[in-house]
Amino acid sequence: MSYRLIRPLFFALDAERAHNLSIALLRMMPTPAPLTADPMLAQTVAGIAFPNPVGLAAGYDKDGRVAHKMHGLGFGFAELGTLTPLAQPGNPQPRLFRLVEDKAVINRFGFNNGGQGAAADRIARYRRPVGEGPVIGINIGANKEATAAGRANADYATGVTCMAPLADYLTVNISSPNTPGLRALQGRAALDELLGTVMAARPEGGPPIFLKVAPDLESADIEDIAAACIDHGIDALIVSNTTITRPALRSAHAGETGGLSGAPLTDLSLNRLRDFRRLLGDRLPLIGVGGIANAEQAYARIRAGASLVQVYSALVYEGPYLARRINDGLKALMARDGVRHIGEVVGIDA
């Protein structure tokens, strides 16, 4: 059934209720057969074999209920979470808003999740040995109380210890705007301390560690983050999370607080990616996320320096098979340009 036909049914529901309904429907879907690596799109990044470059960003599958099924929709990888050591309810509802006129979303969830212990038990039941099933990243964060008390680093160390055996890679999320004080960890001194703690907590032979940053960064912040990633041996950088800035928006929900994602983030996130590529060159893989809704935008992100891309908010407007369409579109664009493999164009416009 065409998503355009059923989208009004989802949009008739409160945004968070519709989100939960989509999770429930996916849970009923049989686990698909393994995804075949596409010879034009498959590549190895941070030591991980990705069958294609289009991933699901964190925030959709917060508790690890359906990440292992997302390859059935065409995703080359799925990132679940954000998971915190202890369960927490997040911020009061309503906290998720569709900005339909802007093809955007505002959320102020606040890391609502059932905790790492419950998620680990759940993931272990369906998880194949790391490297043999679909590529699954696990996004970790700090509890609100720990962040407020200055104990965030200990929470991230706990997350690494708990989730490392279950993840193809771990993402350290210090860029959500919905946990007060969290983004302060992007400052150089705080970031050095945090990354040192995280890397020390990673077990021998443990998964690659990725860092996810905000788009709302000054030039000095970008330079500090780039240097810290190199100094501490971070394996990849995800650019970027939601923004707290507000460009011109038409929706009645434009004034809601929280992180803005979707179409208005496209240029801002692309520019941050270019900034990091300019500083890092090809020394550190980049993952582009934010405002990607079609193959052309994904291709632009790859040409600007991203080895992989992630989508989330665009699924609200474009439907569950967006990843398949982007992958097909990427191959068409590559054929147009005489490119045989996606790796040939990573950073070509940098």
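Residues in region 171-188 that are assigned to a helix (DSSP H, G or I) and over 21 Å from D275 (Cα atoms): L182 alone.
Please specify each residue of region 29-45 satisfying the condition of being of a type in the set (A, V, I, L, M, F, W, C) and more than 9 Å from H71 (Cα to Cα). Before you say what the answer is, go through the steps one by one.
The initial filter retains those residues of region 29-45 that are of a type in the set (A, V, I, L, M, F, W, C), namely 29, 33, 35, 37, 40-42, 45.
Selection gives M29, A37, M40, L41, A42, V45.
Could you say which residue among L41, L35 is in contact (Cβ under 8 Å) with a residue 24 or more places away in the chain, in a loop (DSSP other than H, G, I, E, B), farther than 22 Å from N139 by Cβ and under 23 Å from the mean Cα position of the chain (by Cα)? Talk me through it step by step, then tell me what you get.
On the way: L35 fails: farther than 22 Å from N139 by Cβ.
On inspection, the qualifying residue turns out to be L41.
Looking at this structure, is I230 outside any strand (DSSP E or B), surrounded by 15 or more Cβ atoms within 10 Å (Cβ to Cβ) and free of Cβ contacts under 8 Å to residues at least 60 places away in the same chain? So that I can check it myself, show each step before the final result.
Values: outside any strand (DSSP E or B): yes; surrounded by 15 or more Cβ atoms within 10 Å (Cβ to Cβ): no; free of Cβ contacts under 8 Å to residues at least 60 places away in the same chain: yes.
Against the criterion (outside any strand (DSSP E or B), surrounded by 15 or more Cβ atoms within 10 Å (Cβ to Cβ) and free of Cβ contacts under 8 Å to residues at least 60 places away in the same chain), I230 does not qualify.
Filter region 165-197 down to residues that are over 28 Å from R95 (Cβ atoms) and over 17 Å from the mean Cα position of the chain (by Cα) and give me whichever is least open to solvent (accessible area, probe 1.4 Å). This residue is L195.
Rundown of residues vs (1) of a type in the set (A, V, I, L, M); (2) at pLDDT below 95; (3) farther than 24 Å from N139 by Cβ, yes/no style:
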{"residue": "V239", "(1), (2), (3)": "yes, no, no"}
{"residue": "T243", "(1), (2), (3)": "no, no, no"}
{"residue": "H253", "(1), (2), (3)": "no, no, yes"}
{"residue": "G258", "(1), (2), (3)": "no, no, no"}
{"residue": "S261", "(1), (2), (3)": "no, no, no"}
{"residue": "P264", "(1), (2), (3)": "no, no, no"}
{"residue": "N271", "(1), (2), (3)": "no, no, no"}
{"residue": "D275", "(1), (2), (3)": "no, no, no"}
{"residue": "R278", "(1), (2), (3)": "no, no, yes"}
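Of the residues making up region 328-350, those that are in contact (Cβ under 8 Å) with a residue 60 or more places away in the chain, part of a helix (DSSP H, G or I) and exposed (fewer than 13 other Cβ atoms within 10 Å of the Cβ) number 0.
What are the residues in region 235-256 that are open to solvent by less than 10 Å² (accessible area, probe 1.4 Å), among the hydrophobic types (A, V, I, L, M, F, W, C) and either touching a helix residue (DSSP H, G or I) at 6+ places or on another chain (Cβ under 8 Å) or in a loop (DSSP other than H, G, I, E, B) (or both), if any? Correct list: L237, V239.
Just the residues that are open to solvent by 10 Å² or more (accessible area, probe 1.4 Å) and outside any helix (DSSP H, G or I), please, taken from region 292-322. Listed by number, the residues that qualify are A293, N294, S307, Y312, P320, Y321.
Would you point out the residue of region 11-21, among those that are in contact (Cβ under 8 Å) with a residue 24 or more places away in the chain and assigned to a helix (DSSP H, G or I), that is nearest to R98 (Cα to Cα)? Walk me through how you get there before you give the answer.
Going residue by residue through region 11-21, those that are in contact (Cβ under 8 Å) with a residue 24 or more places away in the chain are 11, 14-16, 19.
Narrowing further to those that are assigned to a helix (DSSP H, G or I): 11, 15-16, 19.
Numbers: F11: 9, A15: 7, E16: 10, H19: 11 Å.
Across region 11-21, the extreme among qualifying residues is A15.
Among the residues of region 199-227, what is the count of those that are of a type in the set (D, E) and either touching a His at 6+ places or on another chain (Cβ under 6 Å) or in a loop (DSSP other than H, G, I, E, B) (or both)? Give the steps one after another, and end with the answer.
We begin by selecting, within region 199-227, every residue of a type in the set (D, E); these are 204, 216, 218, 221, 223-224.
Filter again for either touching a His at 6+ places or on another chain (Cβ under 6 Å) or in a loop (DSSP other than H, G, I, E, B) (or both), leaving 204, 216, 218.
Qualifying residue count, region 199-227: 3.
Across region 53-85, the number of residues qualifying as in a loop (DSSP other than H, G, I, E, B), of a type outside the set (V, I, T) and either open to solvent by 10 Å² or more (accessible area, probe 1.4 Å) or within 23 Å of D155 (Cα to Cα) (or both) comes to 10.
Out of curiosity, is L217 over 15 Å from the mean Cα position of the chain (by Cα) and open to solvent by less than 40 Å² (accessible area, probe 1.4 Å)? So L217 fits the description; yes.
In region 133-149, what residues are over 13 Å from G115 (Cα atoms) and either open to solvent by less than 10 Å² (accessible area, probe 1.4 Å) or aromatic (F, W, Y) (or both)?
Passing the criteria: I136, G137, A146.
For I123, state whether it is among the β-branched types (V, I, T) and crowded, with 24+ Cβ neighbours inside 10 Å. Here the answer is no, as I123 does not meet what is asked. The set of residues in region 257-275 being in contact with a helix residue (DSSP H, G or I) (Cβ under 6 Å, 6 or more places away or on another chain) and either closer than 18 Å to E218 by Cβ or in a loop (DSSP other than H, G, I, E, B) (or both) consists of D275 alone. Cβ separations smaller than 7 Å between residues 6+ apart or across chains give the following pairs from region 281-296 residues that are in contact (Cβ under 8 Å) with a residue 40 or more places away in the chain and closer than 15 Å to I326 by Cα to residues that are among the basic types (K, R) and surrounded by 22 or more Cβ atoms within 10 Å (Cβ to Cβ): G288/R301.
The values are calculated or read from the model by the stated rules, or taken from the named source; none is laboratory data. Just so we're clear, the structure is a prediction, and the values are computed from it rather than from any experiment. Here the Cβ is made from the backbone with ideal geometry for all residues, glycine too, and neighbour counts use every protein chain on show. We work out accessible area using only protein heavy atoms, side chains counted, and drop any ligands, DNA or RNA first. Shrake-Rupley method; radii C 1.70, N 1.55, O 1.52, S 1.80 Å.
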